[in-house]
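Report on the following structure.
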Amino acid sequence: MSKAATGGLNMQMPDERGYFGEYGGMVLPPDLVSIMNDITANYMEIKENSDFINELTRLQQTYTGRPSPVYHARRLSEALGGAQIYLKREDLNHTGAHKINHCLGEVLLAKKMGKKKVIAETGAGQHGVALATAAALVGLECDIYMGSIDVEKQAPNVHRMKVLGAKVVPVNQGTHTLKDAVDAAFVAYLQDPVTTMYAIGSVVGPHPFPMMVRDFQSVVGREAREQFLAMTGSLPDTLMACVGGGSNAIGLFSGFLDDPEVEIYGVEPGGRSSATGDHAATITYGKKGTIHGFECYLLQDDAGEPLPVYSIASGLDYPGVGPQHCHLKDIERVKYVKASDREALVAFYDLSRLEGIIPALESAHALAYAIKTAGQRSKDDTILINLSGRGDKDMDYVLAHYPLEEYETQKMLF
Ligand SMILES: *Cc1c(COP(=O)(O)O)cnc(C)c1O
């Protein structure tokens with residue numbers, strides 16, 4: 001594997017205040033700004049350091065199992081009767097999703113900064129499990145803040161985190177869910193920012209996290225570009241990825257942003273209905289606002305408070321979105337579209353039946369948009385999808401809410 005496909009964390013930089021266009025920044029009290037500046041300074045130094053790059057690359061290859069393959073989904077493509085579908089198989093990573101990519105980077109940074117502990121919030125528990133894994137790997141303590149309702153609902157992930165040695169802290173304030181967990185984790189972090197590091201779970205939060213998490217995820221796009229060229233002799237015509245906070249999407253996109261011939265789609269969760277607000281399609285329906293220390297498109301009420309959001313895929317239900325995505329929307333480099341719960345569920349079964357790959361419900365949103373549009377394209381067209389994770393975690397939920405019999409009596413592929 002060439003250097004370009006493994007090292008090289010040098011992507012588009014935000015400005016010196018941490019903005020991508022109008023979005024991002026550090027909308028924080030001064031003491032937190034200085035903590036973030038310290039993390040930025042350490043990161044900027046470390047990312048040029050060959051020991052750090054080599055250690056990260058070693059773990060990516062021997063621990064995560066990188067590079068993840070690019071797979072030509074021939075039966076799915078044939079069934080769609082249009083564009084050829086390719087999958088970047090992030091579901092095959094250790095822990096079953098792309099989140100391990102940035103968690104490894106974050107714990108290595110924390111370790112180099114002499115921290116003893118990483119802390120984070122988690123909603124469904126996916127970020128908590130990935131971080132607990134990475135913390136166990138390098139020998140850091142790990143505290144995961146989780147709304148007490150989520151602790152109840154996500155028992156298997158709570159057990160995983162505990163087995164991995166993390167402390168799960170139930171949060172009993174506000175709505176007892178993700179937003180309150182973020183607030184509680186920030187309070188805990190402020191009490192001890194010297195020996196702990198907050199490890200954010202997507203390309204969101206204050207600068208430098210959107211840049212840093214993006215850089216750690218960019219290995220996906222670098223690999224995919226090289227693999228796709230080697231397989232087909234050209235670049236993909238189109239990329240698609242689901243967008244929650246936006247980390248798996250920006251990871252893939254960043255390998256192709258400088259190739260204007262590659263068309264790029266970010267797929268947001270359309271949920272049950274746009275009319276009743278039962279969705280989390282932030283870029284589609286939101287407007288500029290502030291959440292968790294940064295500026296972005298935001299689903300908000302008239303007072304600027306984040307609205308409750310909903311998606312069948314719990315990894316996608318965040319009312320904000322990464323600042324670089326907001327900028328890419330404004331400059332029209334990336335198109336943001338949506339797929340509904342229902343479309344994602346059908347795609348979940350379709351990929352399972354046609355390819356023997358059970359996707360995460362999050363990733364199924366990107367698949368759903370490809371399934372919906374591939375038939376309108378020529379058979380020479382190619383669509384590369386980031387398959388961000390595997391669907392084992394979603395099995396019980398899907399079978400309870402959309403039984404097999406119902407799928408089998410419907411026409412497949414919508
Ligand atoms: C968490 C998660 C997502 C959503 O997060 P992004 O930061 O938008 O990538 C997508 N897919 C899977 C499998 C996840 O676990």
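The values are calculated or read from the model by the stated rules, or taken from the named source; none is laboratory data. These numbers come from a predicted model, not from an experiment. Backbone-built Cβ (ideal geometry, glycine too); neighbour counts: all protein chains shown. All accessible areas refer to the heavy atoms of the entire protein, side chains included, with ligands and DNA or RNA removed. Shrake-Rupley method; radii C 1.70, N 1.55, O 1.52, S 1.80 Å.
Summary of computed values
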item: Around PRO193: net Lys/Arg minus Asp/Glu count, Cβ-Cβ under 14 Å; result: -1
item: Solvent-accessible area per residue, Å², over the chain with all protein chains present [probe radius 1.4 Å]; result: 39
item: Cα-based Rg of the chain normalised by 2.2 N^0.38 Å, two decimals; result: 0.91
item: Residue among LEU354, LEU56, LEU399 with the largest mean-square fluctuation in a Gaussian network model of the chain, springs linking Cα atoms under 10 Å; result: LEU399
item: Fraction of accessible area attributable to carbon and sulfur, the range 282-325 (%, probe 1.4 Å); result: 50
item: Cα→Cβ-extended label distance, 7 Å offset, between GLU78 and GLU16, nm; result: 5.9
item: Projected area averaged over orientations for the range 247-306, convex hull of C-alpha atoms, nm²; result: 5.4
item: Using a Förster distance of 22 Å, the FRET efficiency for LYS335-LEU399 (Cβ separation, nearest 0.05); result: 0.10
item: Heavy atoms of LYS338 accessible to a 1.4 Å probe, total area in Å² rounded to 10; result: 80
item: Spatially proximal aspartates and glutamates relative to LYS88 (Cα-Cα < 15 Å; intrachain offsets below 8 disregarded); result: GLU223, GLU226, ASP237, GLU355, GLU362
item: For the range 139-178, the Rg and Dmax computed from alpha carbons only, in angstrom; result: 10.2, 33
item: Gyration tensor verdict on the range 313-414 (Cα atoms; rounded if a/c is under 1.5, prolate if a/b is larger than b/c, oblate otherwise); result: oblate
item: The chain: calculated mean residue ellipticity at 222 nm from DSSP helix runs of at least 4, using -39500 (n - 2.57); result: -13000 deg cm²/dmol
item: Gyration tensor (alpha-carbon) shape descriptor, the range 368-414, a/c threshold 1.5; result: oblate
item: Residue order for ILE149, ILE383, ILE35 - accessible surface, 1.4 angstrom probe, largest first; result: ILE149, ILE35, ILE383
item: Spherically averaged projected area of the range 210-319 from its Cα convex hull (nm²); result: 7.9
item: Cleavage-rule hits, chymotrypsin sites (Phe, Trp or Tyr not before Pro), the range 183-227, DSSP coil, Cβ neighbours within 10 Å at most 13; result: none
item: Relative contact order (%) - criterion: Cα under 8 Å, at least six apart; region: the range 57-160; result: 20
item: Dipole magnitude of the chain about its Cα centre (Cβ charges: Lys, Arg +1; Asp, Glu -1), debye to nearest 20; result: 820
item: Antiparallel %, DSSP beta bridges [both residues in the chain], to 5; result: 35
item: Degrees, to the nearest 10: 361-374 long Cα axis against longest axis of the chain; result: 40
item: Probe 1.4 Å, all protein chains present, accessible-area order of SER388, SER50, largest first; result: SER50, SER388
item: 5 angstrom amide H check on LEU239, placed H, neighbours 5+ away; result: GLU263, ILE264, TYR265, LEU384
item: Span from the the range 231-294 Cα centroid across to the the range 144-202 one, whole angstrom; result: 26
item: P(r) tail fraction, the range 1-103 - alpha-carbon pairs more than 25 Å apart, %; result: 46
item: Spacing of the two label points (7 Å from each Cα toward its C-beta) at ASP259 and MET231, in nm; result: 1.2
item: Portion, in percent, of the accessible area of the range 91-224 that falls on carbon or sulfur, probe 1.4 Å; result: 56
item: The chain, relative contact order in percent, only Cα pairs under 8 angstrom and at least six apart counted; result: 20
item: Phi-based couplings in Hz for the range 36-48 (Karplus 6.51, -1.76, 1.60; Gly and Pro marked x); result: 5, 4, 5, 4, 4, 4, 5, 5, 4, 6, 5, 6, 8
item: LYS88 accessible area, 1.4 Å probe, all protein chains in place, Å² to nearest 10; result: 0
